[in-house]
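*Asks:* Take a look at this one; I'll ask things after.
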Amino acid sequence: MDTDAFIAVNRPQWERLQELVRSRYLDAAGIDELIALYQETSTHLSTVRSTNPDPALIARLSLLVHRARLRITGAQVPLWRNLRRFFWEDLPAALYTARWSTALAATIFLLSTVISGLYFGLDSTARDLVVPEEAQRHLAQREFVAYYFADDATGFAAEVWTNNAWIAVQAVVFGVTGFWPVVMLLQNGLNIGLSAGVMGAYGGLGTFFVFILPHGLLEMTAVIVGAGAGLRTFWAWVRPGPLPRLWSLSQAARALVTVAIGLVPVLLLAGVIEAFVTPSGLPPAVRIGIGVLVWALFLLFMLGRGRQVHRAGITGDLTEEQVGSTVATAA
């Protein structure tokens with residue numbers, strides 16, 4: 001089928017259908033015309049899908065048919081239902097789909113953190129080359145703890161949230177490179193490991209864990225999930241499977257956007273814990289317990305609820321009506 005000729009012949013019907021969909025009032029004749037054009041355009045969409053699956057044309061006709069169907073039926077989905085579907089179905093499904101790339105990201109981060117912590121904690125020469133001895137002593141005796149008391153709690157929470165959100169955005173934008181998420185994970189792991197090594201060398205390892213675990217478990221898990229979703233996008237580009245490369249990439253990228261949006265409230269919660277729980281006067285065991293509890297709930301949401309909706313066929317991607325059908329491929 002000649003796509004250009006097909007568009008040229010049928011464009012008037014599509015434009016007229018678009019006009020009727022946008023019309024505020026329709027008389028009986030207009031309603032009949034709307035239904036007839038809706039049926040014709042649905043046939044056109046089916047023809048394109050089966051003979052020449054052009055992505056742009058399929059997306060255009062799918063959206064037009066979807067809007068015409070809503071105008072005919074008058075169906076409207078309440079906002080609360082859309083929000084519920086996003087946070088209770090799409091988000092956990094997208095998180096679960098990226099579980100293996102997230103596990104890879106967690107491995108990269110943990111290895112870099114442990115190796116860095118042991119190296120700088122046990123080797124004073126290497127530690128002195130990176131951080132002067134006076135600065136090490138200042139960090140261990142005052143600066144590490146003082147950081148959590150430096151600003152007003154509300155402003156501090158907003159600052160932490162903004163910083164972490166920016167890190168997540170970088171994972172979204174540059175995830176397709178496959179390079180930036182790894183660099184980001186290594187950088188965070190080396191920095192945390194260095195701090196742990198310095199604190200441990202000066203007898204402050206317990207203080208380090210008391211002030212890092214309450215918020216750090218959830219915060220770093222969110223960052224790792226964002227990086228893992230970015231790596232999955234890269235893998236969809238390298239190994240697209242049965243779909244064309246661009247289609248596989250776009251599908252993974254849409255799920256990545258779902259993850260990125262879903263991580264916003266998670267990072268906000270981590271910022272609130274860092275500002276109000278970490279520096280609080282609660283016993284250390286209680287502060288760490290709060291962090292562990294919130295972290296466990298997030299993992300349960302990601303792996304437990306995610307597995308449940310994944311088995312039901314939910315992927316975290318947009319619906320076919322919103323994005324168009326997938327390309328038919330031979331077995």
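Residue-wise test of (1) over 25 Å from Leu293 (Cα atoms); (2) part of a helix (DSSP H, G or I); (3) touching a residue at least 24 places away in the same chain (Cβ under 8 Å); (4) of a type outside the set (S, T, N, Q).
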position	(1), (2), (3), (4)
Tyr148	no, yes, yes, yes
Ala158	no, yes, yes, yes
Trp161	no, yes, yes, yes
Trp166	yes, yes, no, yes
Leu218	no, yes, yes, yes
Val225	no, yes, yes, yes
Gly228	no, yes, yes, yes
Trp235	yes, yes, yes, yes
Gly241	yes, no, no, yes
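*Asks:* Take Ala93 and tell me if it is in the same structural domain as Val264 (by TED's automatic domain parsing), buried (at least 19 other Cβ atoms within 10 Å of the Cβ), in contact with a His (Cβ under 8 Å, 6 or more places away or on another chain) and of a type outside the set (D, E, K, R).
*Replies:* yes
For every residue, the table says whether it meets (1) of a type outside the set (Gly, Ala, Ser); (2) surrounded by 13 or more Cβ atoms within 10 Å (Cβ to Cβ); (3) free of Cβ contacts under 8 Å to residues at least 60 places away in the same chain; (4) over 27 Å from Thr278 (Cα atoms).
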| position | (1), (2), (3), (4) |
| --- | --- |
| Thr102 | yes, yes, no, no |
| Ala105 | no, yes, no, no |
| Gly117 | no, yes, no, no |
| Glu134 | yes, no, yes, no |
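*Asks:* Go through region 274-318 and give me each residue that's over 22 Å from Asn164 (Cβ atoms), β-branched (Val, Ile, Thr) and assigned to a loop (DSSP other than H, G, I, E, B).
*Replies:* Of everything in region 274-318, those that are over 22 Å from Asn164 (Cβ atoms), β-branched (Val, Ile, Thr) and assigned to a loop (DSSP other than H, G, I, E, B) turn out to be Ile314, Thr315.
*Asks:* Got a sec? Which of Ala229, Ala196, Ala168, Ala222 is hydrophobic (A, V, I, L, M, F, W, C), modelled with pLDDT under 85 and crowded, with 22+ Cβ neighbours inside 10 Å?
*Replies:* Only one candidate passes the filter, namely Ala168.
*Asks:* Considering only region 200-216, state which residues are in a helix (DSSP H, G or I), of a type outside the set (Gly, Ala, Ser) and over 24 Å from Ala157 (Cα atoms).
*Replies:* Listed by number, the list holds a single entry, Leu205.
*Asks:* Tally the residues that are farther than 15 Å from Tyr202 by Cβ and β-branched (Val, Ile, Thr), restricting the search to region 131-166.
*Replies:* 3
*Asks:* Right, next: In region 51-65, what residues are within 33 Å of the chain's Cα centre (by Cα) and at pLDDT below 85?
*Replies:* Within region 51-65, Asn52, Pro53, Asp54, Pro55, Ala56, Leu57, Ile58, Ala59 meet the criteria.
*Asks:* Anything in region 46-64 that is in a helix (DSSP H, G or I) and surrounded by fewer than 20 Cβ atoms within 10 Å (Cβ to Cβ)? List them, or say none.
*Replies:* Answer for region 46-64, where residues must be in a helix (DSSP H, G or I) and surrounded by fewer than 20 Cβ atoms within 10 Å (Cβ to Cβ): Ser46, Thr47, Arg49, Ser50, Thr51, Pro55, Ala56, Leu57, Ala59, Arg60, Leu63.
*Asks:* Pairs under 9 Å by beta carbon, first residue surrounded by 16 or more Cβ atoms within 10 Å (Cβ to Cβ) in region 28-44, partner among the aromatic types (Phe, Trp, Tyr) and assigned to a helix (DSSP H, G or I), six or more apart or different chains?
*Replies:* Every condition considered, the pairs that remain are Leu37/Trp14; Thr41/Trp14; His44/Phe6; His44/Trp14.
*Asks:* Also: Given the structure, is Val257 in contact with a helix residue (DSSP H, G or I) (Cβ under 8 Å, 6 or more places away or on another chain), assigned by TED's automatic domain parsing to the domain that holds Val145 and at pLDDT 90 or above?
*Replies:* Criteria not met by Val257.
*Asks:* Also: Leu263 versus (1) surrounded by 15 or more Cβ atoms within 10 Å (Cβ to Cβ); (2) part of a loop (DSSP other than H, G, I, E, B): which is the lone unmet condition?
*Replies:* With respect to (1) surrounded by 15 or more Cβ atoms within 10 Å (Cβ to Cβ); (2) part of a loop (DSSP other than H, G, I, E, B), Leu263 is out only on (2).
*Asks:* Quick one: would you say Ala106 is closer than 30 Å to Pro244 by Cα and assigned by TED's automatic domain parsing to the domain that holds Gln308?
*Replies:* Spelling it out, Ala106 is indeed closer than 30 Å to Pro244 by Cα and assigned by TED's automatic domain parsing to the domain that holds Gln308.
*Asks:* Filter region 144-165 for residues that are loosely packed, with under 13 Cβ neighbours inside 10 Å and acidic (Asp, Glu) and give the result.
*Replies:* Within region 144-165, just Asp152 meets the criteria.
*Asks:* Here's a follow-up. In region 7-33, how many residues are within 40 Å of the chain's Cα centre (by Cα) and either among the small types (Gly, Ala, Ser) or not assigned by TED's automatic domain parsing to the domain that holds Arg60 (or both)?
*Replies:* Matching residues across region 7-33 total 2.
The values are calculated or read from the model by the stated rules, or taken from the named source; none is laboratory data. Since the model is a prediction, treat every value here as computed from it, not as a measurement. Counting neighbours? That spans all protein chains shown, and the Cβs are built from the backbone with ideal geometry, glycine included.
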